[in-house]
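Peer 1: This is the structure I have questions about; it appears just below.
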Amino acid sequence: MKNFVEELKWRGMLAQIMPGTEEYLMKNMTSAYLGTDPTADSLHIGHLCGIMMLRHLQRCGHKPYLLVGGATGMIGDPSGKSQERNLLDAETLYHNQEAIKKQVSKFLDFDGTEPNKAELVNNYDWMKDFTFLDFVREVGKHITVNYMMAKESVQKRLNGEARDGLSFTEFTYQLLQGYDFLYQYQHYGIRLQLGGNDQWGNMTTGTELIRRTLGNEAEAFCLTCPLITKADGKKFGKTESGNVWLDRNRTTPYAFYQFWLNVTDADAERYIKIFTDLDQPTIEALIAEHRQDPGRRILQHRLADEVTTLVHSREDLDMAIAASNILFGKATKDNLSQLDEATLNDVFKDVPHYTLDKTLLGGSAVELFNQEGMEIFPSKSEMRKLVKGGGVSLNKEKLTAFDQSVTSDDLIDGKYMLVQRGKKNYYLITVK
């Protein structure tokens with residue numbers, strides 16, 4: 001059986017580990033779980049390290065469980081948070097759970113016949129009929145307030161990081177998460193909990209609850225991955241527009257691909273180990289090749305290729321590369337027409353945008369592209385000179401005459417035109 005802990009170590013994916021964990025894993029096919037809150041109907045790349053842990057776990061012969069926190073998601077976790085989360089209704093939680101499972105199915109085998117096929121569970125299923133009195137009697141009596149108060153996440157909230165302090169609801173979160181481990185220990189044979197390093201306090205509450213409930217001979221373990229940051233210490237996975245999502249309707253495959261393509265050299269060396277399946281010799285060879293000629297950005301290209309294919313598909317990767325070439329390489333009108341509207345807007349989000357009244361269609365290019373408020377050409381005469389020299393394109397095709405008629409047939413997706421002046425100056429026009 002492949003050593004799961006060693007796999008995490010060389011990839012830089014191991015932060016803390018409970019004594020005895022590695023030895024247990026080497027002797028037993030182990031069932032392990034990772035929890036995620038269904039607070040949205042998509043995961044983002046901040047979740048990817050945990051999902052990759054489950055992927056490596058399964059590839060090392062162990063059985064992964066993804067726990068969707070339907071119950072705990074209704075409450076909120078104080079770990080690393082400055083305020084309480086919004087509470088979600090059951091219908092929204094179920095929708096989010098199904099969407100998350102579909103995404104994680106690209107990383108884990110849920111449908112195989114092997115004994116270590118992945119499982120998805122929801123703690124709402126065992127919490128919904130658990131009364132408060134039962135919880136206090138069966139769970140609360142085993143863990144002291146002193147123990148709970150000592151947790152770092154609780155102390156941070158009590159010492160002024162949160163304006164409103166810490167609610168009782170949030171204070172009990174570690175007991176709920178601890179009970180999740182106990183329940184799954186008893187019903188699914190789970191012996192290991194995985195999570196981000198900010199979860200260590202909650203996770204060890206689970207092992208403590210198991211020990212105090214079932215006796216010292218009960219073997220339960222936990223290990224964490226580091227919280228991924230960028231080389232400058234800033235939060236990983238955030239852009240100016242927010243999270244980088246796995247859902248193509250929230251973040252297009254093109255924008256997803258561009259995120260990985262644009263990471264720094266230092267980050268690329270770390271991320272290619274964490275977010276791909278590439279083996280150690282392959283990665284070491286790529287890093288060595290990249291260091292010889294950083295300008296070629298070999299690591300970033302391979303990283304972007306691997307992660308985009310894993311999260312989306314090979315076809316989406318090809319489309320993302322084609323979209324990139326529209327701005328930075330050779331492309332045709334056909335390439336432009338193949339982009340969906342969201343990708344088109346992503347590709348050209350940083351170029352000047354103008355609006356044109358559709359009643360003006362049928363007029364000449366020199367009149368349409370020199371409307372008041374448009375700053376594409378210095379003047380009509382300058383545009384004439386540029387057209388004559390082959391320096392103006394409409395939808396990646398060179399204009400042959402400055403008075404060429406522009407009609408609805410020239411619209412991309414029924415509403416857009418792309419004007420190019422010279423090699424690098426683009427202007428996107430929306431026709432309304």
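Peer 1: Just to verify a number: FRET efficiency for residue 384 and residue 262, C-beta to C-beta distance, R0 = 35 Å, to 0.05?
Peer 2: Using R0 = 35 Å, I get an efficiency of 0.40.
Peer 1: Next question, about the same structure. Of 117/230; 106/330; 151/273; 385/424; 230/273; 349/432, which sit over 26 Å apart, Cα to Cα?
Peer 2: 117/230; 106/330; 151/273
Peer 1: Starting from the Cα of residue 147, move 7 Å in the Cα-to-Cβ direction to define the label point; list residues of the stretch 206-226 whose amide nitrogen is under 13 Å from there.
Peer 2: 206-216
Peer 1: Right, something else. How high is the FRET efficiency between residue 59 and residue 355 when r is their beta carbon distance and R₀ equals 41 Å, given to the nearest 0.05?
Peer 2: It comes to 0.20.
Peer 1: Below 8 Å, C-alpha to C-alpha, sequence gap of six or more: please give me the relative contact order for the chain in percent.
Peer 2: 14 percent.
Peer 1: Which Cα, out of 263, 218, 10, lies furthest along the positive dipole direction of the chain (beta carbon charges, K/R +1, D/E -1)?
Peer 2: Farthest towards the positive pole: 263.
Peer 1: For 248, 11, 297, what's the largest-to-smallest order of accessible area, 1.4 Å probe? Present the calculation step by step, with values, prior to reporting the outcome.
Peer 2: Values: 248 100, 11 5, 297 80 Å².
Largest accessible area first, the list is 248, 297, 11.
Peer 1: If you don't mind, there's one more thing I want to ask. Given charges of +1 on the Cβ of Lys and Arg and -1 on the Cβ of Asp and Glu, with all other atoms neutral, how large is the dipole of the stretch 1-62 about its Cα centre, in debye to the nearest 20?
Peer 2: Roughly 220 debye, rounded to the nearest 20.
Peer 1: In terms of Cα to Cα distance under 19 Å, which aspartates and glutamates are near enough to residue 27, apart from those fewer than 8 places away along the same chain?
Peer 2: Qualifying aspartates and glutamates at Cα under 19 Å: 6, 7, 114, 217, 219.
Peer 1: Suppose only helical runs count, i.e. DSSP H with n ≥ 4. What mean residue ellipticity at 222 nm does that imply for the chain under -39500 (n - 2.57) per run, divided by all residues and rounded to the nearest 500 deg cm²/dmol?
Peer 2: Only helices count here, giving -12000 deg cm²/dmol.
Peer 1: Once amide H atoms are placed 1.01 Å from N in the peptide plane, what residues at a sequence separation of 5 or more from residue 412, or on another chain, have their amide H within under 5 Å of its amide H?
Peer 2: Here 417 satisfy the definition.
Peer 1: Could you calculate the FRET efficiency of residue 423 with residue 137 from 1/(1 + (r/R0)^6), where r is the beta carbon distance between them and R0 is 56 Å, rounded to 0.05?
Peer 2: In this case the efficiency is close to 0.15.
Peer 1: Let me check the size of the stretch 150-237 from its C-alpha atoms; what are the radius of gyration and Dmax in Å?
Peer 2: Cα only, the stretch 150-237: 15.2, 45 Å (Rg, Dmax).
Peer 1: In addition: Report ³J(HN,Hα) in whole Hz for each residue of the stretch 216-232, in order, from the Karplus equation J = 6.51 cos²θ - 1.76 cosθ + 1.60 where θ = phi - 60°; Gly and Pro get x.
Peer 2: 5, 7, 5, 9, 9, 9, 8, 9, 10, 9, x, 6, 6, 10, 7, 4, 7
Peer 1: GNM on the chain, C-alpha springs below 10 Å: top fluctuator among 126, 245, 200?
Peer 2: 126
Peer 1: Restricting attention to the alpha-carbon atoms of the stretch 305-364, what are Rg (one decimal) and Dmax (integer), both in Å?
Peer 2: 14.6, 47
Peer 1: Gap in Å between the Cα centre of the stretch 1-69 and the Cα centre of the stretch 391-406?
Peer 2: 56 Å
Peer 1: Given the convex hull of the Cα atoms of the stretch 1-55, what is a quarter of its surface area in nm²? Please list the in-between numbers first.
Peer 2: Values: hull surface 18.4 nm².
Seen from a random direction, the Cα hull of the stretch 1-55 projects 4.6 nm² on average.
Peer 1: So what J values fall out for the stretch 14-24 if you push phi through Karplus, 6.51 cos²θ - 1.76 cosθ + 1.60 with θ = phi - 60°, rounded to Hz, Gly and Pro as x?
Peer 2: Computed from phi, the couplings for the stretch 14-24 are 10, 9, 10, 8, 6, x, x, 5, 4, 5, 5 Hz.
Peer 1: Would you work out the charge dipole size for the stretch 326-372 about its Cα centre, treating the Cβ of every Lys and Arg as +1 and the Cβ of every Asp and Glu as -1, and quote it to the nearest 20 debye?
Peer 2: Charge dipole of the stretch 326-372: 180 debye, to the nearest 20.
Peer 1: For the chain, set up a GNM with springs between Cα atoms under 10 Å and report which of 135, 110, 171 has the largest fluctuation.
Peer 2: Among 135, 110, 171, the largest GNM mean-square fluctuation belongs to 135.
Peer 1: Take the chain, connect every pair of alpha-carbon atoms lying under 10 Å apart with a spring to form a Gaussian network, then pick out the residue of 195, 69, 390 with the largest mean-square fluctuation.
Peer 2: 390
Peer 1: Indicate, rounded to the nearest 5 percent, the antiparallel portion of the DSSP beta bridges found entirely in the chain.
Peer 2: 45 percent
Peer 1: Under a point spin-label approximation (7 Å from Cα along Cα-to-Cβ), what is the residue 3-residue 110 distance to one decimal in nm?
Peer 2: The two pseudo-label positions are separated by 3.3 nm.
Peer 1: Across 5 Å bins from 0, what is the distribution of all Cα-Cα pair distances for the stretch 195-279, in whole percents?
Peer 2: 3, 12, 16, 16, 15, 11, 9, 8, 7, 4, 1
Peer 1: Extending each Cα 7 Å along its Cβ direction at residue 26 and residue 227, get the distance between those two points in nm, one decimal.
Peer 2: Here the modelled spin labels are 3.2 nm apart.
Peer 1: In addition: What ratio of Cα Rg to 2.2 N^0.38 Å holds for the chain?
Peer 2: Values: Rg = 27.0 Å, N = 432, 2.2 N^0.38 = 22.1 Å.
Compactness ratio reported: 1.22.
Peer 1: Something else: Could you tell me whether the stretch 337-432 comes out rounded, prolate or oblate from its Cα gyration tensor? Rule is a ≥ b ≥ c as square roots of the eigenvalues, rounded for a/c under 1.5, then prolate if a/b exceeds b/c, otherwise oblate. Can you show the working numbers first?
Peer 2: Working: a/c = 1.56, a/b = 1.32, b/c = 1.18.
It is prolate, given that a/c is not under 1.5 and a/b is the larger ratio.
The values are calculated or read from the model by the stated rules, or taken from the named source; none is laboratory data. Because the structure is a prediction, the values reported are computed rather than measured. All Cβ positions, even for glycine, are placed from backbone atoms using ideal geometry, and neighbour counts span all protein chains on display. Areas reflect the complete protein model, heavy atoms only, side chains present, ligands, DNA and RNA absent. Shrake-Rupley method; radii C 1.70, N 1.55, O 1.52, S 1.80 Å.
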